[in-house]
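Structure first, commentary second.
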Amino acid sequence: MTKNESCKELNPVIPELLAPAGNYEKLVTAVHYGANAVYLGGKKFSLRAKAGNFDNEMMRQGVQFAHEHGVKVYVTANIFAHNKDFVGLDAYLTALQTMDVDGIIISDPGILGYARKIVPTLPIHLSTQANVTNHASASFWLAQGAGRLNLARELSLQEIREIRKKVSGELEIFVHGALCISYSGRCMLSNYMTDRDANQGSCSHPCRFSYTLLEEKRPGEYFPVEEDERGTYIFNSKDLCLLDMLPQLVAAGVDSLKIEGRMKSIFYVGGVVRVYRAALDFLTLLPKEAWEAPEAIRFPDEFMQEIMKTGTRGTTENFINERPGSAEMIYASSRAEQSYEPVAVIREPGTEPLVEIRNQVVPGEHIEYMKQGLELVPVKIISMENEAGTSLSKANPGNRVHMRTDPPLPEGVSHGILRRQKR
Ligand code: SF4
């Protein structure tokens, strides 16, 4: 019996919303827009080597900030380790425990064994890199000491339900973000083509490259495989989006909903977290009768409309309902389509808050403030001054300016994002 089946008289437990924090700024943004937990990597032992990642001091500050806001922090140590990688691991694990992180994300059984010995009280989360696709595998890893399992992205809802029924450990699933065309951690394209190891966090994303056809007896003759004049991206998957499936995933008793994207921008992190937070809050307020048929629960259209404004290559529900087919690939372009772009991030609140500019902007422009929840506040920029008090006719990326708007931006809010429709 699952957690949520055992309390059918009550609304189901709403899972944790787990957001990517590629650096301190993204952590703050995820916390601001409503994540319950964030995951991040240190300078060693973590995939996503190019995500920026945290040195120990920055991580300590990030943990402190998150905990002050009631948000948990999980740290990735999910490389597949070689012998040399164990040098310094003891000290690193001990440092994580001293920092009071809430869990470590691991995929290598050797690192898991080390962690159990060195920091036995630190919760262990099994990374998606371990490819848990069945209940026997789930039971195995729980018996090894993992308290939480991130299930493989290749599972259907029915398979998740079956695993939930058979194991009592925490289950986490990815609900949003980029997809690999292989099982996570099983793709060698990057290693072969660019000598960058995806399993050490350095994937060069050749699945997003454009390809042509070469017949082996005609060297040098490249046959175009064209969807349009831009070529064809035959390995290029659409992005995962399980927003519409949240009611059924909640009813299935999943414990944590994870958003992919430690290398994505703060605009993406803030925008996606904001919508999923609003969706989970929407579910929290439903009457218990609604949970008699979770498949019938629908979000208002604006939820998906807002997701589409964060930048996506198109969306797929991947394996959750049926095996994905060619419609789940995107052949015309490898770039994420983004109809909105960030203008600025609020750094210091006030009647004319100090904002950090992300795209060039001029007085007179109409922009909008992304509030927590789905509410948007349209404002017109009246004037901008730099920190020395000089009035500006335009502000460029990186500038820090005091911005006066009509209506005024909400006072007392920092870390919020201002955006506009792309020109
Ligand atoms: S090349 Fe693409 S499919 Fe392969 S590991 Fe990198 S992101 Fe994943």
Subject >> Residue within segment 259-280 that is open to solvent by less than 30 Å² (accessible area, probe 1.4 Å), in a loop (DSSP other than H, G, I, E, B) and touching an Asp or Glu at 6+ places or on another chain (Cβ under 7 Å) present >> reply: no
**OP:** Return the pairs, sorted by first residue and then second, in which the second residue is aliphatic (A, V, I, L, M) and surrounded by fewer than 24 Cβ atoms within 10 Å (Cβ to Cβ), the first residue lies in segment 118-130 and is assigned by TED's automatic domain parsing to the domain that holds M99 and free of Cβ contacts under 8 Å to residues at least 12 places away in the same chain, the beta carbons are less than 8 Å apart, and the residues are 6+ apart or on different chains.
**Re:** none
Original post:
What are the residues in segment 185-217 that are more than 8 Å from the ligand (Cβ to nearest atom), of a type outside the set (F, W, Y) and in contact with a strand residue (DSSP E or B) (Cβ under 9 Å, 6 or more places away or on another chain), if any?
Top reply: G201, S210, T212, L213, L214, E215
Original post:
F174: of a type outside the set (A, V, I, L, M) and in a strand (DSSP E or B), yes or no?
Top reply: yes
Original post:
Any residue at all in segment 410-417 that is loosely packed, with under 13 Cβ neighbours inside 10 Å and either within 29 Å of G314 (Cβ to Cβ) or among the small types (G, A, S) (or both)?
Top reply: yes
**OP:** Scan segment 157-184 residue by residue and report those that are among the hydrophobic types (A, V, I, L, M, F, W, C) and away from the ligand (no atom under 16 Å from the Cβ).
**Re:** L157, I160, I163, V167, L171, I173, V175
Original post:
Applying the selection to segment 375-414, what residues are farther than 23 Å from A278 by Cβ and among the charged types (D, E, K, R)?
Top reply: K380, E385, E387, K394, R400, R404, D406
Subject >> Filter result for Y39 (among the aromatic types (F, W, Y) and surrounded by 19 or more Cβ atoms within 10 Å (Cβ to Cβ)) >> reply: yes
**OP:** Determine whether S127 is within 21 Å of V273 (Cβ to Cβ) and among the small types (G, A, S).
**Re:** yes
Original post:
Which numbered condition trips up N134, out of (1) touching a residue at least 24 places away in the same chain (Cβ under 8 Å); (2) open to solvent by 10 Å² or more (accessible area, probe 1.4 Å); (3) out of contact with any Asp or Glu (no Cβ under 6 Å at 6 or more places or on another chain); (4) within 13 Å of the ligand (Cβ to nearest atom)?
Top reply: (4)
**OP:** Could you list all residues from segment 207-225 that are closer than 20 Å to I181 by Cβ and charged (D, E, K, R)?
**Re:** R208
Original post:
Quick check: anything in segment 89-105 over 29 Å from H205 (Cβ atoms), small (G, A, S) and outside any helix (DSSP H, G or I)?
Top reply: no
**OP:** Could you give me the residue pairs with C-beta distances under 6 Å whose first residue belongs to segment 184-203 and is in contact (Cβ under 8 Å) with a residue 24 or more places away in the chain and open to solvent by 40 Å² or more (accessible area, probe 1.4 Å), whose second residue is within 8 Å of the ligand (Cβ to nearest atom) and in a helix (DSSP H, G or I) wherever it lies, and which are 6+ apart or on separate chains?
**Re:** L189/P206
**OP:** Would you point out which residue out of E226, E154 is assigned to a loop (DSSP other than H, G, I, E, B), more than 9 Å from the ligand (Cβ to nearest atom) and farther than 23 Å from L257 by Cα?
**Re:** E226
Subject >> The one condition in (1) in a strand (DSSP E or B); (2) among the hydroxyl-bearing types (S, T, Y); (3) open to solvent by 40 Å² or more (accessible area, probe 1.4 Å) that T405 fails to fulfil >> reply: (3)
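The values are calculated or read from the model by the stated rules, or taken from the named source; none is laboratory data. Being a predicted model, the structure only gives us computed values, none of them experimental. Note that we place each Cβ from the backbone using ideal geometry, even for glycine, and neighbour counts take in every protein chain shown. Surface accessibility is based on the protein's heavy atoms, side chains included, excluding ligands, DNA and RNA. Shrake-Rupley method; radii C 1.70, N 1.55, O 1.52, S 1.80 Å.
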